[in-house]
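Engineer: Quick one: structure below, then a few questions.
The values are calculated or read from the model by the stated rules, or taken from the named source; none is laboratory data. Computed from a prediction, not measured in an experiment: that's the story for all the values here. Because the Cβ atoms are built from the backbone with ideal geometry, glycine has one as well, and the counts that use them run over all protein chains shown.
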Amino acid sequence: MGQITLSLREETLSSLQKDFEAFLRVSLKLDPQFATPSFEDFLRAKLLDNMVPLTEQAVQRMLQGGQYAWAKRTLEKEFPDVVAILMRQAEEFGFSFAVRSEWTSDEVAKAAREWAAAIVKEAGGDAALVDPLSAQIKSTARDIQSLEEKMQTPAWRLAESLRQRVYEAKIACETSVGSTAREKLGELRGLLKLGLAHGSFQKQEAQQIMEYLRLLKPEIFVEEPYDIFSRMAAWMRNFFMPPARPAQPRIEPRRPR
């Protein structure tokens, strides 16, 4: 390493010495345990117009054992709790954290752990944080359908509207006769298909509605006869031998999970 010998006037050296003492005074006032550099390090930094060498040792000491290290350890210890607080309080202000409805509990746990591991890795945190962080993510996650109902999203409003329309079409099938009842049955079938596509109904529930109507009014499932005698015979059968009324399936709004 090369060496440079400087010849300075007394007033210049005195000025540098005062600057050095002022630097130490301010640094120690900010942090009594500040690792002070030597006067030679101070001169070298001034010559290079770079103050970084003066603070590298101090920064390293603070990160390892000073108040900054205490703050870092505290943050690492409480970070999963901070995440849980953020997610829990988010709902109070209209935000939320959703997961897929079709995910099982094990699938939610797996996805939460993978996400927690990615967060800790990118942040350079301790691997021990993965388990508590993934547990907090899993516990605060909400089913997307329950969130849609709570927030009354457009998808939820559409699903509820379909349920209401199905209920009205079902009543119309029960109270109508002849071609009108068959038209309402076609409308009901179309609405049930839309309801299944948008999650308003489960397949079993839709099947129960159709089976109920088939038992209640089997004639509307048969093509309407075109001659007057067939119509009269069907009317007489319905008049003299009304079918037994089956148990009616209930159509209720979905409740939050």
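Residue-by-condition table, conditions (1) touching a Ser or Thr at 6+ places or on another chain (Cβ under 8 Å); (2) of a type in the set (Val, Ile, Thr); (3) not in a loop (DSSP other than H, G, I, E, B):
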| residue | (1), (2), (3) |
| --- | --- |
| Leu6 | no, no, no |
| Glu11 | no, no, yes |
| Leu16 | no, no, yes |
| Phe20 | no, no, yes |
| Leu24 | yes, no, yes |
| Gln33 | no, no, no |
| Pro37 | no, no, no |
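Engineer: Which of the residues that make up the stretch 152-168 are over 27 Å from Glu91 (Cβ atoms) and either polar (S, T, N, Q) or part of a loop (DSSP other than H, G, I, E, B) (or both)?
Structural biologist: Gln164
Engineer: Starting from the stretch 119-137, keep only residues that are farther than 13 Å from Val82 by Cβ, then list their pairs with residues that are surrounded by fewer than 17 Cβ atoms within 10 Å (Cβ to Cβ) and of a type in the set (A, V, I, L, M, F, W, C) whose Cβ atoms are within a distance under 8 Å, requiring at least 6 positions of separation or different chains.
Structural biologist: Val120/Ala127; Val130/Ala117; Ser134/Ala109; Ser134/Trp115; Ser134/Ala117
Engineer: I would also like to ask the following. With Glu76, Glu91 as the choices, which residue is under 30 Å from Lys29 (Cα atoms) and either surrounded by 15 or more Cβ atoms within 10 Å (Cβ to Cβ) or at pLDDT below 80 (or both)? First the steps, then the outcome.
Structural biologist: Values: Glu91 fails: under 30 Å from Lys29 (Cα atoms).
Exactly one residue qualifies, and that residue is Glu76.
Engineer: I would also like to ask the following. Among the residues of the stretch 203-237, count how many are surrounded by fewer than 12 Cβ atoms within 10 Å (Cβ to Cβ), modelled with pLDDT of 65 or more and not in a helix (DSSP H, G or I).
Structural biologist: 2
Engineer: Separate question: Report yes if Glu40 is among the acidic types (Asp, Glu), assigned by TED's automatic domain parsing to the domain that holds Asp143, farther than 30 Å from Asp126 by Cα and at pLDDT 70 or above, otherwise no. Break it down stepwise before answering.
Structural biologist: Working: among the acidic types (Asp, Glu): yes; assigned by TED's automatic domain parsing to the domain that holds Asp143: no; farther than 30 Å from Asp126 by Cα: yes; at pLDDT 70 or above: yes.
Judged against the criteria, Glu40 is not a match.
Engineer: Out of Glu183, Glu148, which single residue is surrounded by fewer than 16 Cβ atoms within 10 Å (Cβ to Cβ) and either part of a helix (DSSP H, G or I) or not assigned by TED's automatic domain parsing to the domain that holds Val108 (or both)? Can you show your working first?
Structural biologist: Details: Glu148 fails: surrounded by fewer than 16 Cβ atoms within 10 Å (Cβ to Cβ).
It is Glu183.
Engineer: Within the stretch 151-162, track down each residue that is more than 15 Å from the chain's Cα centre (by Cα) and either surrounded by fewer than 17 Cβ atoms within 10 Å (Cβ to Cβ) or not hydrophobic (A, V, I, L, M, F, W, C) (or both).
Structural biologist: Step one: list which residues in the stretch 151-162 are more than 15 Å from the chain's Cα centre (by Cα), which gives 152, 154-162.
Listed by number, the residues that qualify are Gln152, Pro154, Ala155, Arg157, Leu158, Glu160, Ser161.
Engineer: Are any residues in the stretch 148-168 of a type in the set (Lys, Arg) and at pLDDT below 85, and if so, which ones? Spell out the reasoning first.
Structural biologist: Residues of the stretch 148-168 of a type in the set (Lys, Arg): 150, 157, 163, 165.
Within the stretch 148-168, Lys150 is the sole residue that qualifies.
Engineer: Right, next: Output the residues belonging to the stretch 186-202 that are under 23 Å from Ala155 (Cα atoms) and assigned to a helix (DSSP H, G or I).
Structural biologist: Let us first name the residues in the stretch 186-202 that are under 23 Å from Ala155 (Cα atoms), namely 187-202.
Of everything in the stretch 186-202, those that are under 23 Å from Ala155 (Cα atoms) and assigned to a helix (DSSP H, G or I) turn out to be Glu187, Leu188, Arg189, Gly190, Leu191, Leu192, Lys193, Leu194, Gly195, Leu196, Ala197, His198.
Engineer: Looking at the structure I just gave you, is Leu47 at pLDDT below 75 and either aromatic (Phe, Trp, Tyr) or in a helix (DSSP H, G or I) (or both)? Show your work before the answer.
Structural biologist: Working: at pLDDT below 75: yes; either aromatic (Phe, Trp, Tyr) or in a helix (DSSP H, G or I) (or both): yes.
Yes: the conditions hold for Leu47.
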